[in-house]
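The values are calculated or read from the model by the stated rules, or taken from the named source; none is laboratory data. Here the structure is a predicted model, which means the values were calculated and not measured. Counting neighbours? That spans all protein chains shown, and the Cβs are built from the backbone with ideal geometry, glycine included. Surface areas here come from the heavy atoms of the whole protein model, side chains and all, with no ligands, DNA or RNA. Shrake-Rupley method; radii C 1.70, N 1.55, O 1.52, S 1.80 Å.
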Amino acid sequence: MTITPLIDRVELDQAAEFDVTRFKGQVARKLRTVIPYGTKVFGALDVSANLHKNTDKHLQFHYHAFLWPPLNNKERKSCSNLFKRDRKKIGRPVKFEMVDAAEMVGSAPYTFKWFYQRRSSFDSTPYEDEIPVRPKAKKQSLQAGDRVAIHKTLMNYQVGDLLFLIGLKRKRNRDPFDLSLASS
């Protein structure tokens, strides 16, 4: 599951003031209202530097998370509906993708990655039968200034701040990935 709510869109010069703990709490509170009891959610914060029409430079914070057991169609729709107001600015604020065991080797490192990307996007253009076509954003390596801004922002937090856990809790030691099932 990838969650990209509008609240996490931050202008580049204001990135140092972004409150990741508040953002994480808002997303978790919303999800707890629709994710069935007993579902485990384990993920991490990701961020990309976005450009629109080669202007409007901003950072887009979002979460990638694994869910177990998988949600059914009704539960997925409920999760998507939590962020339906965000669709005015973000095409798909919630995206679900099934990951089988063979794909886990590639998906897990991406979810908890240390590298970040830059995306350039453009407005939709009318196509045949006046159906708007939105060009897919192009992913690129970050430029030096964007990379510095992102890393400077993330250095304000501990690794554990960037983790997203529901149905799991950290054991009492320094390793943020040492987890056990939550009792409640």
### Task
Restrict the check to the range 129-147 and report whether at least one residue is among the charged types (D, E, K, R), modelled with pLDDT of 70 or more, touching a strand residue (DSSP E or B) at 6+ places or on another chain (Cβ under 9 Å) and within 17 Å of ALA44 (Cα to Cα).
no
#### Entry: Selection count, the range 42-71, where residues are within 13 Å of the chain's Cα centre (by Cα) and closer than 13 Å to PHE164 by Cβ
11
### Query
Which of (1) open to solvent by 30 Å² or more (accessible area, probe 1.4 Å); (2) of a type outside the set (A, V, I, L, M); (3) within 23 Å of HIS58 (Cα to Cα); (4) at pLDDT below 75 is the odd one out, the single condition LYS113 does not satisfy?
(1)
### Message
Tell me the residue from LYS24, LYS40, LYS57, LYS30 that is more than 30 Å from SER141 (Cα to Cα), out of contact with any Cys (no Cβ under 9 Å at 6 or more places or on another chain) and not polar (S, T, N, Q), please.
### Response
LYS40
### Query
Regarding SER120, is this residue modelled with pLDDT of 70 or more and either within 18 Å of the chain's Cα centre (by Cα) or in a strand (DSSP E or B) (or both)?
no
